[in-house]
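Working notes, beginning with the structure itself.
The values are calculated or read from the model by the stated rules, or taken from the named source; none is laboratory data. As the structure is a computational prediction, the values presented were derived from the model and not from experiment. Neighbour counts run over all protein chains shown; Cβ positions are idealised from the backbone, glycine included. The accessibility values were calculated without ligands, DNA or RNA, using every heavy atom of the protein model including side chains. Shrake-Rupley method; radii C 1.70, N 1.55, O 1.52, S 1.80 Å.
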Amino acid sequence: MNNISTLPLAGKCALVTGAARGIGAAIALKLAEDGADVAITYEKSVEKAEALVAEIRAMGRKAIAIHADAARTEAARSTVEQTVARLGSLDILVNNAGVLFASDFSTQPLEEIDLQLNVNVRGVFLITQAALKYIPNGGRIISTGSNAGLAVPFAGIAVYAATKSALESFTRGLARELGSREITVNLVRPGPIDTDMNPADGALAAAILPNLSIARYGKTSEVAEAVAFLAGPGAAYITGSGILVDGGISA
């Protein structure tokens with residue numbers, strides 16, 4: 001086990017939304033490896049959430065899993081308050097919960113449009129607002145955006161891209177508001193990452209792979225490394241910005 005006092009996030013507490021699996025789970029693990037206690041939220045994957053909490057606790061960190069639907073208003077306040085009550089503080093917020101439905105916009109069901117807007121945008125707004133009551137000066141807010149928030153490399157993801165574009169403006173605007181407190185606000189922008197939501201052998205792969213500079217899907221751990229950097233002391237002067245982790249699809 002690493003000496004906790006030498007780790008970059010020693011003494012910090014992080015909340016990672018949507019972290020039972022995929023990118024969120026990798027982020028939670030990496031922040032714990034760097035010394036942070038970690039709260040995660042999950043909606044359906046209770047067994048995976050509990051296993052992740054056990055893995056983090058085995059590192060010697062505190063960890064909790066909170067059942068929360070990112071689209072529900074009351075979940076934001078409850079999640080933040082449970083985190084602070086059970087872990088003692090909240091220094092790092094990672095807005096990772098998100099949904100993606102890929103289909104022709106002309107026939108996309110309203111339910112899919114609304115869910116992407118509610119989880120990917122409204123949910124981020126709500127939990128960030130709730131967290132700001134507790135995040136101290138020098139804290140970190142990091143959201144999982146997408147390379148599609150900057151440019152849309154293939155058809156079928158118009159609404160998803162729009163939600164991630166909204167996070168770009170939100171990040172810049174909030175960075176302006178919180179600069180006086182030295183709370184940094186940034187994005188990571190994953191490209192094609194091998195997850196349940198967008199598997200490397202899934203329906204989108206044929207459209208994606210020819211557009212990559214590095215001809216493979218990314219690993220969740222590669223996104224987690226970028227988040228950990230933005231959460232750490234070396235990124236104290238980076239705000240209103242973002243890191244592309246996309247294999248060159250945006251090049």
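Got a sec? Which helices (runs of 4 or more DSSP H) wholly within the range 37-139 have at least 3 residues that are surrounded by 19 or more Cβ atoms within 10 Å (Cβ to Cβ) and not polar (S, T, N, Q)?
46-58, 73-87, 123-131
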Item checked: So Asp104, is it within 24 Å of Ile157 (Cβ to Cβ), of a type in the set (D, E, K, R) and modelled with pLDDT of 95 or more -> yes
Checklist line | Qualifying position, being over 17 Å from Ser221 (Cβ atoms) and without any contact (Cβ under 8 Å) to a residue 12 or more places away in the chain, among Arg61, Arg57 | finding: Arg57
Notebook entry, point to check: Of Glu177, Glu168, Glu225, which residue is in contact with a helix residue (DSSP H, G or I) (Cβ under 9 Å, 6 or more places away or on another chain), open to solvent by 20 Å² or more (accessible area, probe 1.4 Å) and not in a loop (DSSP other than H, G, I, E, B)?
Noted result: Glu225
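Restricting the range 183-211 to residues that are part of a loop (DSSP other than H, G, I, E, B) and either open to solvent by less than 20 Å² (accessible area, probe 1.4 Å) or of a type in the set (S, T, N, Q) (or both), which is farthest from Leu100 (Cα to Cα)? Step through it out loud before you land on a result.
Taking the range 183-211 first, the residues part of a loop (DSSP other than H, G, I, E, B) are 183, 191-192, 194-204.
Now restrict to residues that are either open to solvent by less than 20 Å² (accessible area, probe 1.4 Å) or of a type in the set (S, T, N, Q) (or both): 183, 191-192, 195, 198.
Details: Ile183: 29, Gly191: 13, Pro192: 12, Thr195: 12, Asn198: 9 Å.
Here the answer is Ile183.
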Next item on the list: Examine the range 2-24 for a residue that is assigned to a helix (DSSP H, G or I), touching a Lys or Arg at 6+ places or on another chain (Cβ under 9 Å) and surrounded by 21 or more Cβ atoms within 10 Å (Cβ to Cβ), and state whether such a residue exists.
Entry: no
Item checked: Unique match (being without any contact (Cβ under 8 Å) to a residue 60 or more places away in the chain and aliphatic (A, V, I, L, M)) among Ala161, Ala228, Ala175, Ala203 -> Ala161
Checklist line | Residues of the range 213-245 satisfying the condition of being polar (S, T, N, Q) and within 18 Å of Glu182 (Cβ to Cβ) | finding: Thr239, Ser241
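For (1) within 21 Å of Ile141 (Cβ to Cβ); (2) modelled with pLDDT of 95 or more; (3) over 15 Å from the mean Cα position of the chain (by Cα), each residue gets a yes or a no:
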residue	(1), (2), (3)
Ile4	no, no, yes
Leu29	yes, yes, no
Asp37	yes, yes, yes
Thr41	yes, yes, no
Ala49	no, yes, yes
Ala75	yes, no, yes
Thr83	yes, yes, yes
Arg86	yes, yes, yes
